[in-house]
1. Sort out which residues of region 55-81 are crowded, with 20+ Cβ neighbours inside 10 Å and closer than 21 Å to E194 by Cα, and write them in order of number.
2. Quick one: how many residues across region 147-157 are touching a Phe, Trp or Tyr at 6+ places or on another chain (Cβ under 7 Å) and either farther than 17 Å from N207 by Cβ or at pLDDT below 90 (or both)?
3. Being in a helix (DSSP H, G or I) and free of Cβ contacts under 8 Å to residues at least 12 places away in the same chain is the filter here; which residues of region 134-154 pass it?
4. Within region 16-54, track down each residue that is in a helix (DSSP H, G or I) and open to solvent by 60 Å² or more (accessible area, probe 1.4 Å).
5. For E186, work out the one condition from (1) surrounded by 15 or more Cβ atoms within 10 Å (Cβ to Cβ); (2) touching a strand residue (DSSP E or B) at 6+ places or on another chain (Cβ under 9 Å); (3) under 18 Å from G124 (Cβ atoms); (4) at pLDDT 90 or above it doesn't fulfil.
6. Considering only region 112-133, state which residues are outside any loop (DSSP other than H, G, I, E, B) and open to solvent by 10 Å² or more (accessible area, probe 1.4 Å).
7. Quick check on my filter: what residues within region 146-157 are buried (at least 21 other Cβ atoms within 10 Å of the Cβ) and under 21 Å from T181 (Cα atoms)?
8. For residues in region 204-232 being assigned to a strand (DSSP E or B) and open to solvent by 50 Å² or more (accessible area, probe 1.4 Å), which is modelled with the lowest pLDDT?
Amino acid sequence: DDLYPINVGTSTGLRVGQTSLAIGNPFGLDHTLTSGVISGIGREVRSPIGRPITNVIQTDAAINPGNSGGPLLDVNGRLIGMNTAIYSPSGGSAGIGFAIPVDAVKYIVDTLIRDGQVVRAIMGVSLLESKQARALGINKGVLVLDVPTDSPAFRAGMRGTRRTEYGLVEIGDIITKVNNTPINKEADLFEALEKFKPGDTVTVVVNRVDRSDAESSETMKVKEVTLNITLKASSSSRQQLLPFPGHPNIPEEPEK
């Protein structure tokens with residue numbers, strides 16, 4: 001009889017310095033309340049499969065193991081976020097906690113109530129993290145690592161990165177645009193695809209190494225290729241971020 005719905009606020013217009021309150025069960029100590037301020041907005045963290053989560057709230061209110069899933073409130077007790085992660089070398093609170101903004105939470109909750117699951121539109125490929133791509137000299141776009149044969153991207157003609165019979169790595173397609181939206185890093189790609197649903201067809205522009213020309217020239221030439229890809233539902237873990245060196249998803253070139 002004492003339970004009642006929490007007042008749901010908005011994460012739009014949050015400002016660094018305003019009071020934040022975190023509720024949870026840190027280390028099994030239930031009904032714990034800690035206070036602090038919003039110390040940053042617009043942060044980016046990664047999900048367990050490497051998917052970027054953008055516009056995350058940063059707070060110095062103490063968040064520890066057991067706080068995840070608990071509410072982050074403003075000074076008026078309104079829900080502004082859901083506590084989800086911390087940055088800590090030791091595993092305990094170091095004054096840097098993160099919460100999913102409530103506007104994103106409301107969208108996910110409404111989708112779960114309506115559909116029973118969150119279905120995202122994907123191309124079905126594996127991607128290289130931007131930081132590692134920069135080390136390869138790729139300063140713009142997202143490098144495609146693996147393109148499974150059952151993926152929409154494969155049917156549209158997208159090429160992945162592969163390892164030749166001599167052990168050399170041949171760079172795959174580099175995604176630079178989705179429906180005229182520039183793609184500079186993997187977060188841009190995920191954000192662009194959020195606007196679409198499974199079954200939608202998107203125009204994807206990639207930079208592709210001209211392999212035939214590369215064999216006869218010391219200078220690697222790149223050409224722009226446009227692909228029309230019909231997106232599928234994210235029923236699998238495809239379209240994830242993978243490390244590069246020696247990764248098993250870089251297929252060996254078949255024997256000739």
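The values are calculated or read from the model by the stated rules, or taken from the named source; none is laboratory data. No experiment lies behind these values; they were computed from the predicted model shown. Cβ: placed from backbone, ideal geometry, glycine included. Neighbour counts: every protein chain shown. Surface areas here come from the heavy atoms of the whole protein model, side chains and all, with no ligands, DNA or RNA. Shrake-Rupley method; radii C 1.70, N 1.55, O 1.52, S 1.80 Å.
1. V56, I57, G81
2. Residues meeting the conditions: 1.
3. Matches in region 134-154: R134, A135.
4. If the condition is that a residue be in a helix (DSSP H, G or I) and open to solvent by 60 Å² or more (accessible area, probe 1.4 Å), then F27, G28 are the ones that fit.
5. For E186, the exception is condition (4).
6. Listed by number, the residues that qualify are L112, I113, R114, D115, S130, K131, Q132.
7. Matches in region 146-157: P152, A153.
8. Restricting to residues being assigned to a strand (DSSP E or B) and open to solvent by 50 Å² or more (accessible area, probe 1.4 Å), the top hit is V222.
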